[in-house]
């Protein structure tokens, strides 16, 4: 019976820890299928980071993606050249989109080092989540949750050995 | 009585298989992400190429193209070069290369598969859905749609229960590949893959160049037979002299109409910035009588639509096929999940082991069998 209680507590702890652990910023589809993230400030971050800093990060990311997906002179040139070479050119050269993605990774790393890590947060590059979300993770809570989980598990295994007479 | 029945089970039978080591103790070789990909796809060259599991008719497509073109170059070209011009095999060669390369690119490129949501993301979405109502007393399945306004049009985003995400606009779940694909056009059995955002331009190049190639071969073969049957020889003589041409004629005649038709249809779709899926469903055609519906993704200019679809930037593949599966996540979560239910199983094994279908944990069988009987008795009386 106590095992069930432990399990229940563990699941609750894991549930609440996982939610407190990660905040997800979803995509904003009001401009169509272009990659853009919502700039609405999540309530879970109110005590963790200033609103303006967060909004600046998301807006800069949105600008990067807009630049990558911009349909203009350079993209037409790239497209026509690619068509003439039966798109084999994509195997040889790095496309503009890939170059912008590298800039985005660099920007996120820089933001993590300068802005978010000092506040105990970590941003994950959206490309690692299939461009669905920008996930913000709390650095300290993840360590505490792991410790709690190990101690609960240890208590459970010792209890299971003791109970059968 | 129950105790005795269970004691009669031969402990040797249970002890014979060596205890299955728990995953975190086994030295695992590092796997690439394509090896654990949940969709129904097959991968070649260590994850560099992706194709649907049922690549069914692709060999037939490739075979027909190679056969017809091969016969053309071997049997018709020499005659035509001698009597007309040597440009004919050159043009034929260029078209043939275009067709084969674009076919292979369509078949082996990731069409724009969306990776499935991580468990934390799925939990976050469910939490957001449950929160507004605030009641969790009765089970209510999560709502399946979310509305968003794009270009003054209301677009419904559906929730995909397989991928556990709200599908972005123009994304659809392919049941054959078991993946959500961005800007899903259709699943083409002839190329053995879905046609979506990333490989639509390859597909379009393929069908356009194939229609040119088919029409070209048809024209050349007809000219060849016409030239041969000149001088009172007749068509029968011409066919006897060059039987391969008859086969080419038949193949080209039957395929040129369908391929030309398909090319024309897709040219219309490109000009209107529509997908086959949207066109078939009539999403934006206002068939229901609502005149306010129009395609929110169209730029209202044929040239701009064509350029954005065919010459737009090439988006990256979102499924990281050749990346390595991180082993630290499985180590952190699996010990807790495996060991605790096993402890629970120990106590309830007598009552439910047979029906639950779970394997008993690899502990000494004699001890395992005796103890639960006693604990069940105390459990029932408690």
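Among the listed residues A:121, A:45, identify the single one that is touching a residue at least 60 places away in the same chain (Cβ under 8 Å), in contact with a helix residue (DSSP H, G or I) (Cβ under 9 Å, 6 or more places away or on another chain) and assigned by the TED database to the domain that holds residue A:30. Can you show your working first?
Numbers: A:121 fails: assigned by the TED database to the domain that holds residue A:30.
Of A:121, A:45, the one residue that is touching a residue at least 60 places away in the same chain (Cβ under 8 Å), in contact with a helix residue (DSSP H, G or I) (Cβ under 9 Å, 6 or more places away or on another chain) and assigned by the TED database to the domain that holds residue A:30 is A:45.
Of all residues in segment B:82-94, which are within 12 Å of residue B:223 (Cβ to Cβ) and either at pLDDT 90 or above or not in a helix (DSSP H, G or I) (or both)? Lay out the reasoning, then the answer.
Residues of segment B:82-94 that are within 12 Å of residue B:223 (Cβ to Cβ), as a first pass: B:83-85, B:88.
Selection gives B:84, B:85, B:88.
For segment A:97-107, name all the residues that are facing chain B (nearest Cβ under 7 Å) and either crowded, with 18+ Cβ neighbours inside 10 Å or touching a helix residue (DSSP H, G or I) at 6+ places or on another chain (Cβ under 6 Å) (or both). Explain how you work it out, then say what you get.
Here is the first cut: in segment A:97-107, the residues facing chain B (nearest Cβ under 7 Å) are A:97-98, A:101.
The answer is A:97, A:101.
Could you please find all residues in segment A:108-135 being out of contact with any strand residue (DSSP E or B) (no Cβ under 8 Å at 6 or more places or on another chain) and either more than 11 Å from chain B (Cβ to nearest Cβ) or buried (at least 18 other Cβ atoms within 10 Å of the Cβ) (or both)?
Initial filter on segment A:108-135 (out of contact with any strand residue (DSSP E or B) (no Cβ under 8 Å at 6 or more places or on another chain)): A:109-110, A:113-115, A:117-119, A:125, A:127-128.
Passing the criteria: A:109, A:110, A:113, A:114, A:115, A:117, A:118, A:119, A:125.
Within segment A:70-93, can you find the residues that are over 30 Å from residue B:99 (Cβ atoms) and either within 8 Å of chain B (Cβ to nearest Cβ) or touching a helix residue (DSSP H, G or I) at 6+ places or on another chain (Cβ under 9 Å) (or both)?
Result: A:70, single match.
Name the single residue that is nearest to residue A:25 (Cα to Cα) among those in segment B:156-167 being in a strand (DSSP E or B) and out of contact with any helix residue (DSSP H, G or I) (no Cβ under 9 Å at 6 or more places or on another chain). Give the steps one after another, and end with the answer.
So in segment B:156-167, the residues in a strand (DSSP E or B) come out as B:156-160, B:165-166.
Checking which are out of contact with any helix residue (DSSP H, G or I) (no Cβ under 9 Å at 6 or more places or on another chain) leaves us with B:156-158, B:160.
Values: B:156: 20, B:157: 17, B:158: 18, B:160: 19 Å.
Applying the filter and picking the extreme gives B:157.
Any chance segment B:84-92 includes a residue that's in contact with a helix residue (DSSP H, G or I) (Cβ under 9 Å, 6 or more places away or on another chain), over 19 Å from residue B:62 (Cα atoms), in contact (Cβ under 8 Å) with a residue 40 or more places away in the chain and crowded, with 19+ Cβ neighbours inside 10 Å?
The answer is yes; a qualifying residue exists.
Could you go through segment B:210-224 and let me know if any residue there is at pLDDT below 95 and over 18 Å from residue B:95 (Cβ atoms).
For segment B:210-224, residues at pLDDT below 95 and over 18 Å from residue B:95 (Cβ atoms): absent.
Taking residue B:99 as the residue in question, decide whether it is at pLDDT 90 or above, farther than 20 Å from residue A:38 by Cβ, surrounded by 13 or more Cβ atoms within 10 Å (Cβ to Cβ) and more than 10 Å from every other protein chain (Cβ to nearest Cβ). Outline the logic, then answer.
Numbers: at pLDDT 90 or above: yes; farther than 20 Å from residue A:38 by Cβ: yes; surrounded by 13 or more Cβ atoms within 10 Å (Cβ to Cβ): yes; more than 10 Å from every other protein chain (Cβ to nearest Cβ): no.
Answer is no for this residue.
Looking only at strands (runs of 3 or more DSSP E) that fall completely inside segment B:168-211, which ones have 2 or more residues that are more than 25 Å from residue A:37 (Cβ to Cβ) and in contact with a strand residue (DSSP E or B) (Cβ under 9 Å, 6 or more places away or on another chain)?
On the way: elements: B:172-174, B:179-181, B:186-188, B:193-195.
Once the strands (runs of 3 or more DSSP E) in segment B:168-211 are filtered for at least 2 residues that are more than 25 Å from residue A:37 (Cβ to Cβ) and in contact with a strand residue (DSSP E or B) (Cβ under 9 Å, 6 or more places away or on another chain), what remains is B:186-188, B:193-195.
Assess whether residue A:160 counts as being assigned to a helix (DSSP H, G or I) and at pLDDT below 85.
Details: assigned to a helix (DSSP H, G or I): yes; at pLDDT below 85: yes.
Taking the combined requirement at face value, the residue satisfies it.
The values are calculated or read from the model by the stated rules, or taken from the named source; none is laboratory data. Please read these numbers as outputs of a predicted model, since none were measured by experiment. Neighbour counts run over all protein chains shown; Cβ positions are idealised from the backbone, glycine included.
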